[in-house]
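Written out below as structure tokens is the structure these notes cover.
The values are calculated or read from the model by the stated rules, or taken from the named source; none is laboratory data. In this text the structure is predicted, and so the values were computed from the model without any measurement. Counting neighbours? That spans all protein chains shown, and the Cβs are built from the backbone with ideal geometry, glycine included. Please note that ligands, DNA and RNA were not included when accessible areas were found on the heavy atoms of the full protein model with its side chains. Shrake-Rupley method; radii C 1.70, N 1.55, O 1.52, S 1.80 Å.
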Amino acid sequence: MIRSGQSRELAAKELLLLDFDGPVCSVFAGYPAPDIAQELVAFTEGFAPDLAKQLGGETDPMQVLSTAAMTLPRQRVIELDERLRRAEVLAVETATLTSGASELINAAYGRGLSVGIVSNNSEPSITKYLKRNGLDSMVARVLGRPFAHPESMKPKPFLLEQALASFKTTAAKACFVGDSVTDIEAGKAAAIMTIGLANKAGKRQRLAAVGAEILVDELWELPWLIDAQES
């Protein structure tokens with residue numbers, strides 16, 4: 001439940017930033033993330049067998065990339081990220097839209113807010129998904145994973161700070177919706193009001209533990225959608 005004071009504060013925001021995987025869609029619904037992670041691990045076996053062994057049980061493709069980038073030569077990191085980008089572009093073809101996501105983007109845009117996506121997923125995959133679902137005209141900026149620089153991904157505030165600069169605004173005028181611990185940590189580091197989407201078991205506790213300012217179980221609880229339904 002969002003308190004009245006929080007609703008008023010959100011009503012004054014000018015910029016709505018959204019994480020992609022979770023708040024907008026389930027990216028890997030049809031092409032599971034663990035499968036992609038193991039495909040990336042298999043790719044490293046030919047030139048970094050010790051690293052492949054270390055990453056043998058990894059289920060998160062972003063973690064594979066991040067760990068590999070700490071030891072692999074630059075060219076190999078580029079190759080690995082390019083493979084991940086291609087997998088993400090394929091994955092969004094079977095991604096499933098999060099309940100309320102399209103309506104939230106429509107409502108925020110209709111009320112004059114700028115809307116941006118800030119994600120550890122790649123920009124090409126996000127852009128493709130938005131176009132396929134008719135949301136691209138309402139999303140002014142997409143800031144995806146810095147190519148071959150996973151050290152700048154969330155929980156680092158880099159992408160959120162880039163978003164503020166891109167929109168020529170300040171943290172005080174923005175809010176950010178994320179569904180992971182790294183989202184909340186990045187939001188706090190960027191001093192942006194961060195809303196935790198706790199739409200799966202255990203998330204409310206995890207997001208609260210790292211300091212989410214607002215917690216909602218579903219996007220329909222956000223004031224822009226509530227206002228749209230009441231009008």
Checklist outcome for this item: On each of the three principal axes the extent of the alpha-carbon atoms of the chain, given in whole Å and largest first, is 59, 36, 34
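Could you tell me what percent of the accessible area of the range 64-151 is made up of carbon and sulfur, with a 1.4 Å probe and every protein chain present?
49
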Checklist outcome for this item: From DSSP H assignment alone, runs of 4+ in the chain each adding -39500 (n - 2.57), the sum over residues rounded to the nearest 500 puts [θ] at 222 nm at -13500 deg cm²/dmol
Checklist entry - Near the amide H of ILE195, under 5 Å away, which other amide H atoms are found, from residues 5 or more places off or on another chain, if H is placed in the peptide plane? => result PHE176, VAL177, GLY178
Next on the checklist: Can you work out the Karplus-derived ³J(HN,Hα) for every residue in the range 201-215? Use 6.51 cos²θ - 1.76 cosθ + 1.60 with θ = phi - 60°, whole Hz, and x for glycine or proline.
Outcome noted: 4, x, 5, 4, 5, 5, 6, 5, 5, 9, x, 4, 6, 9, 10
Checklist entry - Percent antiparallel among DSSP beta bridges with both residues in the chain, to the nearest 5? => result 10
Next on the checklist: Compute a Gaussian network model of the chain, connecting alpha carbons closer than 10 Å, and tell me which residue from GLY187, GLY112, GLY211 fluctuates the most.
Outcome noted: GLY112
Item to check | lysines with Cα under 21 Å of LYS154, excluding same-chain neighbours fewer than 8 positions away | outcome: LYS168, LYS173, LYS188, LYS200, LYS203
Checklist entry - For the charge dipole of the range 116-222, defined by +1 on Lys and Arg C-beta atoms and -1 on Asp and Glu C-beta atoms about the Cα centroid, which residue among PHE147, ILE117, GLY202 has the Cα displaced farthest towards the positive pole? => result PHE147
Next on the checklist: If you wrap a convex hull around the alpha carbons of the range 1-100, what volume per residue comes out, as a whole number of Å³?
Outcome noted: 150
Next on the checklist: With +1 assigned to the C-beta of every Lys and Arg and -1 to the C-beta of every Asp and Glu, and no other charges, what is the dipole magnitude of the range 100-231 about the Cα centre in debye, to the nearest 20?
Outcome noted: 380
Checklist entry - If you place +1 on the Cβ of every Lys and Arg and -1 on the Cβ of every Asp and Glu, how big does the dipole about the Cα centre of the chain come out, in debye to the nearest 20? => result 440
Checklist entry - GLN162: net charge of surrounding residues, Cβ under 14 Å, Lys/Arg +1, Asp/Glu -1, itself excluded? => result +3
Checklist outcome for this item: Mean-square fluctuation maximum in Gaussian network of the chain, Cα pairs under 10 Å, restricted to GLY30, GLY22, GLY134, hits GLY134
Checklist outcome for this item: Surrounding charge for ALA148, neighbours by C-beta under 11 angstrom, Lys/Arg +1, Asp/Glu -1, total 0
Checklist entry - Under 5 Å between amide H atoms, partner at least 5 residues away or on a different chain: which partners does SER122 have, H built in plane at 1.01 Å? => result ARG145
Item to check | Listed residues LEU18, GLN38, THR67: farthest to the positive end of the dipole of the range 1-72 (Cβ charges) | outcome: LEU18
Checklist entry - In a Debye calculation with equal point scatterers on the alpha-carbon sites of the range 36-82 and no solvent, what is log10 I(q)/I(0) at q = 0.21, 0.22 Å⁻¹? => result -0.56, -0.62
Item to check | Accessible surface, the chain, averaged per residue in Å² (probe 1.4 Å) | outcome: 45
